[in-house]
Amino acid sequence: MELIRGLHNLAPRHRGSVVSIGNFDGLHRGHQALIARLRMLAGEHRLPATVVCFEPMPREYFQRDNPPPRIADLRGKLRDLAAFGVDRVLLLPFGPRLAAMSAEAFVRQVLVDGLGARAVIVGDDFRYGARRAGDLALLQAIGAGAGFSAEGLGTVTLDGARSSSTGLRAALALPDLDVVERLLDRRYRITGRVRHGLKLGRELGMATANLHLRRPPALAHGVYAVKAYWDEAPNGLPGVASLGVRPTLGLTTCLLETHVFDARPNLYGRELAIEFHKFLRPQLTFDGLDALAAQMQADGRDARTHFTAELMPS
């Protein structure tokens, strides 16, 4: 998949596209249906399936004091878009210039002049441009004169509820991993590069691979039974992970610490994907390191018990 960062990096060869626009945070079933339709139209036109998305997301820009938590970071989003068959992503920096751009100017500069769109597919409630003034009707009206078709995809429902990033964030915050899995059609993952930490887990008998999270994720802080994936472990290895700010140590940076069972791989600098299987307990504050170490061992036993049960025939 080709990543194009900003309109200024568009080249003449990028003209001629079938396009979808949105945040695509989490790539839930609604997003998946949109991408499936995008790929179908791209095949009919024999043109690249192209997604336009934004960094930061518009709500993060407008709600800087209280931004919505991310379901996936940018790297995870791009990986998911590639996995679902998107050919190109145009990543637009969302700042004052784009926020002030009229809906008509957005369509002209991005879709017509930039991408040479032949077909556009969006969610039927999609809004764009300054003050969210643009809608599907405006997109269709401009497209009729500019040489592209535009269509909206209706709401995708699951168990009678709308499949949406808002609903997914709510399920992650509970956390209800069964609902999350149904909305995503897969288990939830957090990806990142393993960094050096305090190495306290090693001293307490449970060495961990640490992912420093620049933005706190939507998933509730706590301890989980997980599987860890990296290049040499494509099928995943079971373990236990703690997501949170480590209140016992008085720290405030959000960290995902994962202990992989029965393996001692050197993962520093490696890209890791942590897949969440079961919520074990919320984040707690302990009286000292001895109490923390004892609880870590108990968490490890609980996670092992979960994976043993997971392997048992139902």
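Which one of these is in contact with a Lys or Arg (Cβ under 7 Å, 6 or more places away or on another chain) and free of Cβ contacts under 8 Å to residues at least 40 places away in the same chain: 11, 49, 100, 83? It would help to see each step written out before you state the result.
Numbers: 11 fails: in contact with a Lys or Arg (Cβ under 7 Å, 6 or more places away or on another chain); 100 fails: in contact with a Lys or Arg (Cβ under 7 Å, 6 or more places away or on another chain); 83 fails: in contact with a Lys or Arg (Cβ under 7 Å, 6 or more places away or on another chain).
Selected residue: 49, the only one of 11, 49, 100, 83 that is in contact with a Lys or Arg (Cβ under 7 Å, 6 or more places away or on another chain) and free of Cβ contacts under 8 Å to residues at least 40 places away in the same chain.
Here the stretch 155-188 is the region considered, the condition is being β-branched (Val, Ile, Thr) and more than 17 Å from residue 125 (Cβ to Cβ), and the residue that is surrounded by the fewest Cβ atoms within 10 Å (Cβ to Cβ) is 179.
Tell me yes or no: at least one residue of the stretch 240-259 is in contact (Cβ under 8 Å) with a residue 60 or more places away in the chain and over 23 Å from residue 215 (Cβ atoms). Quick ask: steps written out before the conclusion?
Let us first name the residues in the stretch 240-259 that are in contact (Cβ under 8 Å) with a residue 60 or more places away in the chain, namely 240, 256-257.
Now drop any that are not over 23 Å from residue 215 (Cβ atoms), which leaves 240.
Checking the stretch 240-259: at least one residue is in contact (Cβ under 8 Å) with a residue 60 or more places away in the chain and over 23 Å from residue 215 (Cβ atoms).
Restricting attention to the stretch 132-154, and to residues there that are exposed (fewer than 13 other Cβ atoms within 10 Å of the Cβ) and closer than 20 Å to residue 22 by Cβ, which single residue is modelled with the lowest pLDDT? Steps first, please.
Step one: list which residues in the stretch 132-154 are exposed (fewer than 13 other Cβ atoms within 10 Å of the Cβ), which gives 132, 137, 144-145, 147, 154.
Cutting the leftovers down to closer than 20 Å to residue 22 by Cβ gives us 132, 137, 154.
On the way: 132: 92, 137: 95, 154: 87.
By that ranking, first place goes to 154.
Among the residues making up the stretch 268-294, those that are modelled with pLDDT under 95, aliphatic (A, V, I, L, M) and surrounded by 15 or more Cβ atoms within 10 Å (Cβ to Cβ) are 272, 273, 292, 293.
Could you tell me which of the residues 131, 127 is in the same structural domain as residue 8 (by TED's automatic domain parsing), within 27 Å of the chain's Cα centre (by Cα), at positive phi and not hydroxyl-bearing (Ser, Thr, Tyr)?
On the way: 127 fails: at positive phi.
Being in the same structural domain as residue 8 (by TED's automatic domain parsing), within 27 Å of the chain's Cα centre (by Cα), at positive phi and not hydroxyl-bearing (Ser, Thr, Tyr) holds for just one of 131, 127, which is 131.
Looking only at residues of the stretch 44-64 that are part of a helix (DSSP H, G or I) and at pLDDT 95 or above, we find that the one that is farthest from residue 111 (Cα to Cα) is 44.
The values are calculated or read from the model by the stated rules, or taken from the named source; none is laboratory data. As the structure is a computational prediction, the values presented were derived from the model and not from experiment. For neighbour counting, all protein chains shown are included, and Cβ atoms are generated from backbone atoms with ideal geometry for every residue, glycine included.
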